[in-house]
Amino acid sequence: MMVSSPRRAGARGQAMIEVAIAFPLLLIVAIALVQFAVFCHAQNVVAGAVQDGARVAAAEDRTLTDGVDHARALLRAALGPKAEEVRVQGTDGGDAVAIEARGELRAIIPWVADARLPLWARSVMSKERFRAGPNG
């Protein structure tokens, strides 16, 4: 029968305490990194959707409604049900169109019940128009 010395038992106890302190901190950092990645993805999706929506709305044979609908469709495809929390609106300024999206992303952090991160993007694009040349 092997008897552990008091010195070895103290080392094991110290290791358990170190793990008990380090593990929650490591878990918090891991959750924060995942939350940051999800937020960056959602923000990039919103920015890309309004840019593409403005491109569609600025096309010569398209309308502002087409651009807003296209941006909403892209948001639904990329964000799923979370896309319903993003409002998309368009503005026609005559020579240019603007598509803007605003919304919130719910935090995945479990101990913060209703934390939300803001999502916002705006894109302005000049309308395409046929212009007759000097002979036309």
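The values are calculated or read from the model by the stated rules, or taken from the named source; none is laboratory data. Please read all numbers here as calculations on a predicted model, not as lab measurements. Methodologically, a virtual Cβ is constructed for each residue, glycine included, from the backbone with ideal geometry; neighbour enumeration extends over all protein chains shown.
Couple of notes before you dig in:
- Among residues of region 101-123 that are under 13 Å from Q43 (Cβ atoms), those with a Cβ under 9 angstrom from a residue that is modelled with pLDDT of 85 or more and aromatic (F, W, Y), sequence gap 6+ or separate chain, pair up as A101/W120; R102/W120; G103/W120; L105/F39; L117/F39; L119/F39.
- Residue check, D61 modelled with pLDDT of 95 or more and of a type in the set (D, E): no
- Options I28, I17, I21; residue that is farther than 19 Å from S123 by Cα and either within 23 Å of the chain's Cα centre (by Cα) or not in a helix (DSSP H, G or I) (or both): I28
- Residue list for region 56-73, restricted to those being among the charged types (D, E, K, R) and surrounded by 18 or more Cβ atoms within 10 Å (Cβ to Cβ): R72
- Counting only residues that are over 17 Å from R122 (Cβ atoms) and without any contact (Cβ under 8 Å) to a residue 12 or more places away in the chain, region 40-68 holds 6 of them.
- Count of residues meeting criterion [at pLDDT 95 or above and loosely packed, with under 15 Cβ neighbours inside 10 Å] in region 79-90: 2
- Residue in region 67-78 that is at pLDDT below 95 and not small (G, A, S) present: no
- Considering region 37-55, the residues that are under 15 Å from T91 (Cβ atoms) and hydrophobic (A, V, I, L, M, F, W, C) include one that is surrounded by the most Cβ atoms within 10 Å (Cβ to Cβ), namely V50.
- Any hit, region 74-86, residues being of a type in the set (V, I, T) and touching a Leu at 6+ places or on another chain (Cβ under 8 Å): yes
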